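A short write-up of the structure that comes next.
The values are calculated or read from the model by the stated rules, or taken from the named source; none is laboratory data. If you're wondering where the values come from, they're calculated on a predicted model, not measured in any experiment. Positions of Cβ are generated from backbone atoms using ideal geometry, with glycine treated the same way; all protein chains shown enter the neighbour counts.
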Amino acid sequence: MAVQTLRLAEHYELALRLLDLALDGARREGHTARQGLIHGHRAAIALARGSLQDAQVEAETGLRLVQAPHFGVLQLAAVAIVVLIERGALTAAAELAPIGEGRGIGEDRAFTSEFLVARGRLRIAQGHVREGVDDLLWCGERLEALNAPWPGDWRAYAAPALAALGETHTAARLAHEQLETARRVGAAGALGLSLRAAGLAIGGDERLGYLEEAVSVLESSSARLELAHALADLGAELSRVGRRKEGRDARRKALELAHQCGAIALADRALAELQAGPGRPTRTELTGPNALTAAEWQVCRQAAEGRTNREIAQALFVTEKTIERHLSSAYHKLGVRSRFQLPAAIAQ
């Protein structure tokens, strides 16, 4: 509960220190399910900070440790789904949905709300907007019934989707409710998300002001991915109102941040919008650490810490051949020739 409270308040460094201590204890006791839950919290923090590779590694590690029907599967699947959405891997994200669906999400279980938000976002990303909104509204009903102290961010995703469906009155109401709650709590990441949602859902003359405030708030936060999204939306709005140079500048910043986070879907969007205007940039691809898969990143990180291939293989429950294959692929992507160059390469 203490870690969850720190997460919601966005006191991430303190939360991570507590989680490190808890993980050491769970390992000493051989409690694999507890280890999986801890990796789930670490994954959620990494996602909130825009570290998609770390979030994916933590979630996948947790899913290896926690098996259905344990309730922790819901949070781990939720984080993994959102990471894959951001990386543009909708098919892989959809393959994870049945993990949570098999947990009886209609029951009052921990992390059900997080899973419903993730599945709702997935369905919206797939173009099934109505089904996605239904998931998000269901999440809201559950949280209200449970009298949850923090009502979650489901409104921030439901409001723009409802506006896209033409249900502008409901969209505006949810956006205002989300924003009011976020202002009261005061956490910068949540407030920035809520301001961006208000800009997208309410529209009109207020849209630009909300998006500008979202960027201003998020620039002082650790929510890099949310800042990238806000910059992309601000860039689109600035261009729409005729402030094209400022719009392109915002989109370029969004593209740079998206690359840093490994957010392929957002990077593709920002690049496409930039290419549609004058002075089009050339096509870019993810390079350096962000070009690595989650498995390659995990192997490289452990190799950079000095572990041998055998030690890494034992820790990840795979063969040494698999480790060799991941390292070979990673060396090519990082432009290095040996594991001794890894610490500097993955720190870029």
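Specify the residue that is farthest from residue 256 (Cα to Cα); the eligible residues are those in the range 290-317 that are aliphatic (A, V, I, L, M) and either touching a strand residue (DSSP E or B) at 6+ places or on another chain (Cβ under 7 Å) or surrounded by 21 or more Cβ atoms within 10 Å (Cβ to Cβ) (or both).
Across the range 290-317, the extreme among qualifying residues is 312.
Just give me the residues in the range 1-54 being outside any helix (DSSP H, G or I) and either in contact (Cβ under 8 Å) with a residue 60 or more places away in the chain or within 22 Å of residue 65 (Cα to Cα) (or both), in sequence order.
Answer for the range 1-54, where residues must be outside any helix (DSSP H, G or I) and either in contact (Cβ under 8 Å) with a residue 60 or more places away in the chain or within 22 Å of residue 65 (Cα to Cα) (or both): 1, 9, 10, 30, 31, 49, 50, 51.
Scanning for something more than 20 Å from residue 86 (Cβ to Cβ) and among the polar types (S, T, N, Q), does the range 175-186 turn up at least one residue?
Checking the range 175-186: at least one residue is more than 20 Å from residue 86 (Cβ to Cβ) and among the polar types (S, T, N, Q).
Working only within the range 12-27, note down all residues that are within 15 Å of residue 223 (Cβ to Cβ) and either assigned by TED's automatic domain parsing to the domain that holds residue 187 or exposed (fewer than 15 other Cβ atoms within 10 Å of the Cβ) (or both).
13
Report yes if residue 204 is part of a helix (DSSP H, G or I) and of a type outside the set (Ser, Thr, Tyr), otherwise no.
no
Is there any pair linking a residue in the range 124-135 that is without any contact (Cβ under 8 Å) to a residue 60 or more places away in the chain to one that is surrounded by 15 or more Cβ atoms within 10 Å (Cβ to Cβ) and among the small types (Gly, Ala, Ser), with Cβ under 6 Å and at least six apart or on different chains, and which?
What qualifies is 124/132; 124/161; 129/161; 132/120; 133/158; 133/161; 135/120.
Tally time: how many residues in the range 148-179 are closer than 27 Å to residue 5 by Cα and part of a loop (DSSP other than H, G, I, E, B)?
So the count comes out to 6.
Out of curiosity, is residue 238 farther than 30 Å from residue 297 by Cβ and surrounded by 18 or more Cβ atoms within 10 Å (Cβ to Cβ)?
So residue 238 fits the description; yes.
How about the range 240-348: which helices (runs of 4 or more DSSP H) wholly inside it have at least 1 residues that are at pLDDT below 80?
Result: 294-304, 309-316.
Of the residues 103, 123, only one is surrounded by fewer than 23 Cβ atoms within 10 Å (Cβ to Cβ) and modelled with pLDDT under 95; which?
103
Looking at 204, 189, can you tell me which residue is surrounded by 23 or more Cβ atoms within 10 Å (Cβ to Cβ) and either in contact (Cβ under 8 Å) with a residue 60 or more places away in the chain or over 19 Å from the mean Cα position of the chain (by Cα) (or both)?
189 is the lone residue from the list that is surrounded by 23 or more Cβ atoms within 10 Å (Cβ to Cβ) and either in contact (Cβ under 8 Å) with a residue 60 or more places away in the chain or over 19 Å from the mean Cα position of the chain (by Cα) (or both).
Name the residues in the range 295-348 that are touching an Asp or Glu at 6+ places or on another chain (Cβ under 6 Å) and hydrophobic (A, V, I, L, M, F, W, C), would you?
Hits for the range 295-348 are 313, 330.
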